[in-house]
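**Student:** Let me begin by handing over the structure; questions about it come next.
The values are calculated or read from the model by the stated rules, or taken from the named source; none is laboratory data. Values in this document were obtained by computation on a predicted structure and should not be read as measured data. In this analysis, Cβ positions are derived from the backbone assuming ideal geometry, glycine residues included, and neighbour counts consider all displayed protein chains. The protein model used for the area step is the full one, side chains on, heavy atoms only, and it has no ligands, DNA or RNA in it. Shrake-Rupley method; radii C 1.70, N 1.55, O 1.52, S 1.80 Å.
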Amino acid sequence: MIVMLHLAVGLMEKCCVFVAGNAASFLLYAAPIWTFARVIRKKSTEEFSSVPYVISLLNCLMYTWYGLPVVSHEWENFPMITINGLGILLELSFIIIFIWFASRKQKLKAGIMTTAVIIIFSITALISTYVFHDHHTRKELVGSVGLIASVAMYGSPLVVMKKVIETKSVEYMPFSLSFFSFLASALWMAYGLLGRDLLIAAPNLVGCPLGALQLVLYCKYRNRVMEEPKPAQEWDVEKVDKKTSKHVQIAVVTTDENINGKKSQIINS
């Protein structure tokens, strides 16, 4: 009876963490919506980077595959399919918008990275399906690739964090993305530990401190505005001409007065 009660409590805890983790992950994947609303409004990607969205796509692809019965035992990791499947749709949408409004150089970079992600996922899926024939080995393979993808996803904001430190501005590091990145990694780490699945918990052990570091940077630089170079001071030609003409006029008047004064002295003498 006590054992059954203990199992029931453990299951409830896992379910609660799963629901909270799914909610946090949804907010994490949806956080860039405001960023891309700005991109569409300005018709430019400005200084935003495509790296976080492409790496997030790889992470979503790998963990959706990990949760399917092909890799996992039946539907034991069904929660991972729901949220990461939604993540695939969102990240693909963001990448398409980014490529549409990006400069030629950024389009090429984003296109190459997205193609590489699709190739990596396809190779992993084919090997796990046709080379390995038991769930344990398949989970190890897909989970290992997914672990690398997750660490890369949580580490990808380092590119933006570098810019934040250089410019002392958080304009291109939205608070919502940093906050939900930290929250999602913390909850999925708890989910992995409760389910004793280190392949889920391990990457989030990296994600938590990186998310916390982003929040620290945000708090430090949130009230600072990125400085823009001031335009060169323009010369007002008319004002200069007026000043010059005044000086000339004064000089002429003064000279004339001196000449007249000398003439009068000569006549008097």
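**Student:** When you scan the range 184-207, do you find a residue that is aromatic (Phe, Trp, Tyr), modelled with pLDDT under 85 and under 30 Å from Val17 (Cα atoms), even just one?
**Tutor:** The answer is yes, given that some residue of the range 184-207 is aromatic (Phe, Trp, Tyr), modelled with pLDDT under 85 and under 30 Å from Val17 (Cα atoms).
**Student:** Could you check, for the range 226-245, whether at least one of its residues is at pLDDT below 85, part of a loop (DSSP other than H, G, I, E, B), at negative phi and surrounded by 13 or more Cβ atoms within 10 Å (Cβ to Cβ)?
**Tutor:** The answer is yes; a qualifying residue exists.
**Student:** Which of the numbered conditions does Ser181 fail, given that it passes all the others? Conditions: (1) open to solvent by less than 20 Å² (accessible area, probe 1.4 Å); (2) under 20 Å from Phe78 (Cβ atoms).
**Tutor:** The single condition Ser181 does not satisfy is (2).
**Student:** Looking at the range 91-103, can you tell me whether even one residue there is closer than 28 Å to Gly143 by Cβ and open to solvent by 20 Å² or more (accessible area, probe 1.4 Å)?
**Tutor:** There is at least one residue in the range 91-103 that is closer than 28 Å to Gly143 by Cβ and open to solvent by 20 Å² or more (accessible area, probe 1.4 Å).
**Student:** Output the qualifying pairs, or none if there are none: Cβ atoms under 6 angstrom, residues six or more apart or on different chains, first residue in the range 63-76 and closer than 15 Å to Thr137 by Cα, second residue buried (at least 17 other Cβ atoms within 10 Å of the Cβ) and charged (D, E, K, R).
**Tutor:** As it stands, the answer is Val71/Arg138; Val71/Lys139, since those pairs meet every condition given.
**Student:** Can I ask one more? Residue under question is Leu92, and the condition is that it be in contact with a Leu (Cβ under 8 Å, 6 or more places away or on another chain) and free of Cβ contacts under 8 Å to residues at least 40 places away in the same chain; does it hold?
**Tutor:** So Leu92 fits the description; yes.
**Student:** Name every residue in the range 68-81 that is surrounded by fewer than 22 Cβ atoms within 10 Å (Cβ to Cβ), touching a Ser or Thr at 6+ places or on another chain (Cβ under 9 Å) and in a helix (DSSP H, G or I), in order of residue number.
**Tutor:** Of everything in the range 68-81, those that are surrounded by fewer than 22 Cβ atoms within 10 Å (Cβ to Cβ), touching a Ser or Thr at 6+ places or on another chain (Cβ under 9 Å) and in a helix (DSSP H, G or I) turn out to be Phe78, Ile81.
**Student:** How many residues are touching a residue at least 40 places away in the same chain (Cβ under 8 Å) and closer than 21 Å to Leu198 by Cβ when one looks only at the range 15-54?
**Tutor:** The qualifying residues number 7.
**Student:** Suppose we keep only residues that are open to solvent by 20 Å² or more (accessible area, probe 1.4 Å) and in contact (Cβ under 8 Å) with a residue 60 or more places away in the chain within the range 139-156. Which one would you say is nearest to Ala186 (Cα to Cα)?
**Tutor:** Ala152
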